[in-house]
Amino acid sequence: MPYLIRRRLVTAAKVTLVGLVFAAAAPHAAIAGSPCAHAYTPVGAASRKQIRAAVVCLINRQRTSRGLPALHINRRLNRSAQSWTDTMVRRQKFTHGSDFGARISAVGFNWSTAGENIAVGFTTAHSVVKAWMASTGHCENILDPDFAQVGTGVVNRGIRGWGGAATWTQDFGLWMGASPPSHRWGPADGCPY
């Protein structure tokens, strides 16, 4: 499910993303650019840091192939995304919760624009990014030209009723007072891919 919030405007796109729906689609189809390390490595067969790096590499390939600047990993957003992923798995609830913006603020990320993608049931970085890019709201978050930073959370367990494989959260943001890194909305407007 994607979620986007701006300090002055709140919009939500509620799209349920279940891994089993997308898992059968071409498991080794290329995502723009050369392969990212651990893109096809199952969660649990590599470190969390390696899986996070693969997800960020893949989304940045999506961005840069469409003329957008790459996102930078932010440790605070990593902490927010990982904490929420842990919480969803512990509670066995697939949701953004009542206020994801407050969660991002709570880790010390003073944001002006923030977004979040969640997913469950995908076993690799490649499969989750491919599914997010095939979903309008998730794709729009990945290609949003206002975002400059990103954090990723992953747990090698699913959520009952949603999928037995990994659970994922990706938090996006722009630091308060920072200028958006781009003004090219065309790629996001073309979603999904």
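Tabulated results
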item	result
Residue that is nearest to Phe109 (Cα to Cα) [pool: residues in region 135-193 that are among the hydroxyl-bearing types (Ser, Thr, Tyr) and in a loop (DSSP other than H, G, I, E, B)]	Ser179
Set Val21, Val55: member being under 20 Å from Ile118 (Cβ atoms), modelled with pLDDT of 95 or more and in a helix (DSSP H, G or I)	Val55
Count - residues of region 54-75 that are surrounded by fewer than 21 Cβ atoms within 10 Å (Cβ to Cβ), of a type in the set (Val, Ile, Thr) and within 17 Å of Gly153 (Cβ to Cβ)	1
Condition check for Gly33: under 28 Å from Ser182 (Cβ atoms), modelled with pLDDT of 95 or more and surrounded by fewer than 16 Cβ atoms within 10 Å (Cβ to Cβ)	no
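The values are calculated or read from the model by the stated rules, or taken from the named source; none is laboratory data. Everything quoted here is computed from the prediction, not taken from an experiment. Note that each Cβ is placed from the backbone with ideal geometry, even for glycine, and that neighbours are counted across all protein chains shown.
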